[in-house]
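Below is one structure; the comments refer to it alone.
The values are calculated or read from the model by the stated rules, or taken from the named source; none is laboratory data. As the structure is a prediction and not an experimental result, all values here were calculated from the model. Cβ coordinates were reconstructed from backbone atoms using ideal geometry, including for glycine residues, and neighbour counts include every protein chain displayed.
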Amino acid sequence: MDDEQSLEALAQADEALDTAREQGAIGPVTWFVRQVALLLRVIGRNAKRIAVTIAGATLVLVGVVLLVLPGPGLLVIIAGLAILATEFVWAERLLRKAKDTAAGAAEKGTGALRRLRSSSPPQPPPPDS
């Protein structure tokens, strides 16, 4: 269920509770407890999204700093995107693109390494006579 459907369902549940309360079908304590439960559900969903955003953005920023300083900058950026991709589609697309780029670079690197290994070793210069 996406956020829009979730909010719509919560609004309908809230409206049903208000109607039941007005008609005297439920007591004030039951109505209050259900209102608090609905509110906690909304807060819980948003708290997770906020925590994911802060953690992912922090890792991406640290990764950008590590591109300049010594450290595994690209790996940290990819880790941050992986965290962000759990909540955001745009981060999922960026992560996929980064993985494809990394796979292509790895293939290029291993291909160059194979060519170096398969080439003939350099010949020593002839001795001076």
**Request:** Answer with yes or no whether residue 45 is under 14 Å from the mean Cα position of the chain (by Cα) and of a type outside the set (A, V, I, L, M, F, W, C).
**Result:** no
**Prompt:** Could we say that residue 58 is without any contact (Cβ under 8 Å) to a residue 60 or more places away in the chain, among the hydroxyl-bearing types (Ser, Thr, Tyr) and outside any helix (DSSP H, G or I) here?
**Reply:** no
**Top-ranked residue in the stretch 68-87 [being over 8 Å from the mean Cα position of the chain (by Cα) and assigned to a loop (DSSP other than H, G, I, E, B); ranked as surrounded by the fewest Cβ atoms within 10 Å (Cβ to Cβ)]** = 70
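Yes/no per residue for (1) surrounded by 11 or more Cβ atoms within 10 Å (Cβ to Cβ); (2) polar (S, T, N, Q); (3) in contact with a Phe, Trp or Tyr (Cβ under 8 Å, 6 or more places away or on another chain); (4) at pLDDT below 75:
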| residue | (1), (2), (3), (4) |
| --- | --- |
| 7 | yes, no, no, yes |
| 11 | yes, no, no, yes |
| 15 | no, no, no, no |
| 20 | yes, no, yes, yes |
| 26 | yes, no, no, yes |
| 31 | yes, no, no, yes |
| 47 | yes, no, no, no |
| 54 | yes, no, no, no |
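Say whether the condition of being surrounded by 15 or more Cβ atoms within 10 Å (Cβ to Cβ) and in a helix (DSSP H, G or I) is met by at least one residue in the stretch 96-118.
First, the residues of the stretch 96-118 that are surrounded by 15 or more Cβ atoms within 10 Å (Cβ to Cβ): 98.
Filter again for in a helix (DSSP H, G or I), leaving 98.
The answer is yes, given that some residue of the stretch 96-118 is surrounded by 15 or more Cβ atoms within 10 Å (Cβ to Cβ) and in a helix (DSSP H, G or I).
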**Message:** Under 6 Å between Cβ atoms, which residue pairs at least 6 apart in sequence (or on different chains) link something in the stretch 85-100 that is closer than 14 Å to residue 60 by Cβ with a partner that is of a type outside the set (A, V, I, L, M)?
**Reply:** 85/92; 87/49
